[in-house]
Amino acid sequence: MPFNTVFSWLIGRRMTRINDYRQDPISNQHKTFHFLLKNGSETNYGSKTGIQASLSIRTFQETIPLSDYGSLKPYIDASILGEENHLWPGKTTWFAKSSGTTADRVKILPITKDSLFQNHYAGGKDLLAQYYANHSKRKLYNAKHLIIGGSGKIDQSEDGIFIGDLSAIIINNLPTWTELRRTPKKDIALLENWEEKLEKMAQSVLNENICIIAGIPSWTLLLLKKVLEKSGKNSIVDVWPNLELYIHGGMSFTPYKAAFDEVLNIPQMHYVESYNSSEGYFGLQDQLESKDLLLLTNSEVFYEFIPMSEFNGLESKNVLTLEEIEVNIDYALVITTSSGLWRYIIGDTIRFTELNPYRFVVSGRTSHFINAFGEKLIIEHAEKAISQAAERTSAKISDFTAAPCFSSEQMVGNHHWVIEFSELPSSVEEFLQKLDQGLKVENADYDAKRKDNINIGFPILTIVPTGTFHQWLKEKGKLGGQHKVPRLRNDAVVLNEILALIK
């Protein structure tokens with residue numbers, strides 16, 4: 001069809017921009033920095049903190065404090081009331097609700113017109129352009145794109161302020177050419193009740209010609225299983241034979257890969273990762289044989305990095321620019337963006353795998369780890385180990401969380417894993433052994449602390465019934481969208497809440 005030819009040509013024009021990410025990242029960051037400072041100097045926040053268009057990067061770092069949601073909240077609250085020029089010039093009318101992976105806290109983050117169109121939308125188009133470049137003769141515009149978003153409820157004030165899930169803001173402002181290909185229809189995609197939406201979404205897309213799915217793995221898998229249930233088919237390939245691309249992000253895909261392969265049964269399925277959050281679109285997978293993400297250096301985001309070995313929250317002293325980072329070191333990510341987030345510690349940790357061009361992996365969260373016994377266990381270690389244990393015992397995992405346990409009298413303590421399986425391991429004892437071995441391989445500190453079962457004992461496992469994590473998220477008001485279960489916590493709060501559900 002001519003539509004697909006035109007779409008291919010238009011999306012292909014973006015490769016100049018993507019190649020610029022690879023070829024001239026430092027220059028891009030300098031241009032972005034000065035663009036942000038020019039706008040920041042016109043804001044109330046800039047006036048209070050000393051943002052000036054002429055600041056050097058070093059003076060900017062010495063003058064402007066690091067921030068988190070708490071420190072920016074007074075400015076955000078004032079903007080929500082309709083006041084102008086607080087964090088970004090003019091009036092900010094869109095705000096995205098984001099609870100991240102913390103247990104209770106809800107953040108309301110500004111989404112300016114600049115950040116929506118030049119960052120969020122731009123990143124999505126860049127990803128599709130790179131996919132077309134990697135896979136010639138695609139015809140994605142001939143079929144439908146299934147977008148699995150969060151709650152569609154948007155609260156609107158008399159001042160014209162909109163507050164809702166980022167996916168609802170994106171869907172409500174999509175250009176016409178994109179809306180023509182998206183499914184399900186808005187009245188379903190924007191339903192507030194996730195369980196109702198899941199039911200209606202599955203029914204509405206049964207007879208569509210789907211070629212792309214986008215969403216976080218846990219909720220996407222639920223939808224796929226609901227589609228199979230309603231269709232009576234054995235695998236998704238029998239429902240959508242033209243499906244070829246799944247775009248995921250927000251959580252590691254590794255624990256879900258086996259379950260997706262089985263449900264889809266599409267040998268040539270392409271899984272492509274992006275790094276997109278309510279705070280911004282920061283990276284995309286640009287290579288066929290590697291899952292590492294290309295840093296988007298010209299998308300109205302200026303990046304800084306705090307080595308995790310020196311991380312001390314807002315009091316951190318050693319904050320690096322892109323020119324100063326090294327490979328194979330975990331950094332807390334700090335962003336300054338056109339949404340008005342200034343030197344904002346986003347809470348994610350990343351590790352660079354290449355410097356030419358700048359490619360990285362998301363290694364965890366600054367608050368999500370276990371270090372009760374000096375083991376420094378991060379999400380990346382846990383997900384690799386648990387995925388390998390599942391593969392070697394023919395298990396499939398729906399969800400999991402882990403926390404330290406201090407109930408043993410023979411040792412200091414151990415790790416308590418709570419896992420929901422969609423398929424149980426062939427041997428639970430072997431699964432635990434493989435998990436323990438995998439953690440030792442991934443984490444030398446864990447290996448050392450496990451010696452002779454004196455410091456950290458053998459892992460404890462509680463298998464919970466299907467739907468347990470779903471119920472926990474429901475009780476927290478976190479069904480659907482970007483909401484997910486904390487993988488690791490250095491305390492047992494989440495773990496105990498989940499265990500209480502099965503008692």
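Counting only helices (runs of 4 or more DSSP H) that sit completely within the stretch 181-263, those holding 2 or more residues that are acidic (Asp, Glu) correspond to 194-205. Looking only at the stretch 436-475, how many residues end up being over 15 Å from Leu377 (Cα atoms), surrounded by fewer than 17 Cβ atoms within 10 Å (Cβ to Cβ), out of contact with any strand residue (DSSP E or B) (no Cβ under 8 Å at 6 or more places or on another chain) and hydrophobic (A, V, I, L, M, F, W, C)? Total meeting the criteria: 1. Taking (1) more than 19 Å from the chain's Cα centre (by Cα); (2) crowded, with 23+ Cβ neighbours inside 10 Å; (3) modelled with pLDDT of 90 or more in turn, Asn318 satisfies each apart from (2). Taking the stated definitions as given, is Gln118 crowded, with 16+ Cβ neighbours inside 10 Å and either closer than 26 Å to Glu273 by Cβ or outside the structural domain of Tyr303 (by TED's automatic domain parsing) (or both)? Judged against the criteria, Gln118 is a match. Within the stretch 366-383, restricting attention to residues that are in contact with a Gly (Cβ under 7 Å, 6 or more places away or on another chain) and at pLDDT below 80, which residue is farthest from Asn490 (Cα to Cα)? It comes out as Thr366.
Matching residues to (1) acidic (Asp, Glu); (2) in contact with a Pro (Cβ under 8 Å, 6 or more places away or on another chain); (3) buried (at least 19 other Cβ atoms within 10 Å of the Cβ):
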| site | (1), (2), (3) |
| --- | --- |
| Pro241 | no, no, no |
| His270 | no, no, no |
| Lys291 | no, no, no |
| Thr297 | no, yes, yes |
| Glu300 | yes, no, yes |
| Phe305 | no, no, yes |
| Ser309 | no, no, no |
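Scanning the stretch 300-322 for residues that are hydroxyl-bearing (Ser, Thr, Tyr) and either without any contact (Cβ under 8 Å) to a residue 60 or more places away in the chain or not assigned by TED's automatic domain parsing to the domain that holds Lys31 (or both) yields one hit, Ser309.
Condition (residue is touching a strand residue (DSSP E or B) at 6+ places or on another chain (Cβ under 7 Å), over 14 Å from Arg343 (Cβ atoms), of a type in the set (Gly, Ala, Ser) and in a loop (DSSP other than H, G, I, E, B)) applied to the stretch 36-47: is it met by at least one residue?
The answer is no; no qualifying residue exists.
Pairs are defined by a Cβ separation below 8 Å, a sequence spacing of at least 6 or placement on different chains, a first member in the stretch 447-466 that is under 15 Å from Gln433 (Cα atoms), and a second member that is of a type in the set (Lys, Arg) and assigned to a helix (DSSP H, G or I); the pairs so defined are Asp447/Lys440; Arg450/Lys440; Ile456/Lys449.
Name the residue that is surrounded by the most Cβ atoms within 10 Å (Cβ to Cβ), counting only residues in the stretch 330-375 that are in a loop (DSSP other than H, G, I, E, B) and without any contact (Cβ under 8 Å) to a residue 60 or more places away in the chain.
Thr366
Sub-9 Å Cβ pairs linking a first residue in the stretch 412-428 that is among the charged types (D, E, K, R) to a second residue that is in a loop (DSSP other than H, G, I, E, B), at least 6 apart or interchain, are Glu420/Val464; Glu420/Pro465; Glu420/Thr466; Glu420/Gly467; Glu423/Ser394; Glu423/Ala395, ordered by first then second residue. The condition (being assigned by TED's automatic domain parsing to the domain that holds Thr401 and at pLDDT 85 or above) is satisfied by just one residue among Ile498, Ile454: Ile498. A search for C-beta distances below 9 Å between a residue of the stretch 151-174 that is at pLDDT 80 or above and any residue that is acidic (Asp, Glu) and part of a strand (DSSP E or B), counting only pairs 6+ apart in sequence or on different chains, returns Ile161/Asp155; Phe162/Asp155; Ile163/Asp155; Gly164/Asp155.
No other residue among Gly477, Gly467, Gly481 is on the phi > 0 side of the Ramachandran plot and at pLDDT 85 or above apart from Gly467. Reported count of residues in the stretch 15-67, each being among the basic types (Lys, Arg) and closer than 29 Å to Leu127 by Cα, is 4.
Give me the residue from the stretch 404-437 that is at pLDDT below 95 and of a type in the set (Gly, Ala, Ser) and, out of that set, nearest to Ile386 (Cα to Cα). The extreme case among them is Ser422.
The values are calculated or read from the model by the stated rules, or taken from the named source; none is laboratory data. Note that the structure is a prediction, hence the values are computed from the model and not measured. A quick note on method: Cβ atoms are made from the backbone with ideal geometry, for glycine too, and the neighbour counts reach across all protein chains shown.
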